[in-house]
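Contents: one structure, followed by commentary.
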Amino acid sequence: MVLRPFVDADLDGIRVALRDPEVIRLTGSTPDDEADQEKILRRWYGTRNAQPDRLDLAVVDRAADVCVGEVVFNEWSAANGSCNFRVLIGPAGRDRGLGTEAIRMFVGYGFEQLGLHRIELEVFAFNPRARRVYEKVGFVAEGVLRDVKRDGDGWVDATVMSILSHEWDRHRGRP
């Protein structure tokens, strides 16, 4: 697995991931009209490498040389040395440890190279697999946002999680 800036060839893997029903549900996305999605994909991913206030990287399966997802730092606060984190792994990258490896690499980069103090995320209650991975890397649950997303006929909570630089220094993503 390698993390790198997006290139045009990555759109194929991202397109597959964003059409996957599991990705759509677990990320809280809404499926777009296919023609609109193509325009949005080209515009969005064509500008990711030029953004000064966020970092979006492709998650690439080195063996197959294909993009299987993305990792993102956004909502950056220079004053607080903090940012939000999100990850998307499509079907081609699941159940092989690529997500865990990508998260460890990216979070490590955030602390060791960018000098962040705090990295936070939210995970929906219906995504226990992601929560287990975040805990495995060292994220700690801080609280619950109640009924944040409509899910069918009901509502779902999201757990706020974070990891701090001194925690990372102690365990390097292996608590």
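Worth pointing out:
- Of all the listed residues (151, 147), the sole one being open to solvent by 20 Å² or more (accessible area, probe 1.4 Å), free of Cβ contacts under 8 Å to residues at least 24 places away in the same chain and either closer than 13 Å to residue 86 by Cα or not hydrophobic (A, V, I, L, M, F, W, C) (or both) is 147.
- Within the range 154-175, considering residues that are of a type in the set (Lys, Arg) and either part of a strand (DSSP E or B) or touching a residue at least 24 places away in the same chain (Cβ under 8 Å) (or both), the one surrounded by the fewest Cβ atoms within 10 Å (Cβ to Cβ): 174
- Index of the failed condition, residue 4 passing every other in (1) in contact with a helix residue (DSSP H, G or I) (Cβ under 6 Å, 6 or more places away or on another chain); (2) charged (D, E, K, R); (3) at pLDDT 95 or above: (1)
- Pairs meeting the criteria (first residue in the range 1-21 and in contact (Cβ under 8 Å) with a residue 24 or more places away in the chain and of a type in the set (D, E, K, R), second residue open to solvent by less than 40 Å² (accessible area, probe 1.4 Å) and in a loop (DSSP other than H, G, I, E, B), beta carbons under 7 Å, at least 6 apart or on different chains) are 20/90.
The values are calculated or read from the model by the stated rules, or taken from the named source; none is laboratory data. Owing to the predicted nature of the structure, the values given are computational and were not obtained by experimental measurement. So basically every Cβ, Gly included, is an ideal-geometry build from the backbone, and we count neighbours across all protein chains shown. The area values use the complete protein model at the heavy-atom level, side chains included, leaving out ligands, DNA and RNA. Shrake-Rupley method; radii C 1.70, N 1.55, O 1.52, S 1.80 Å.
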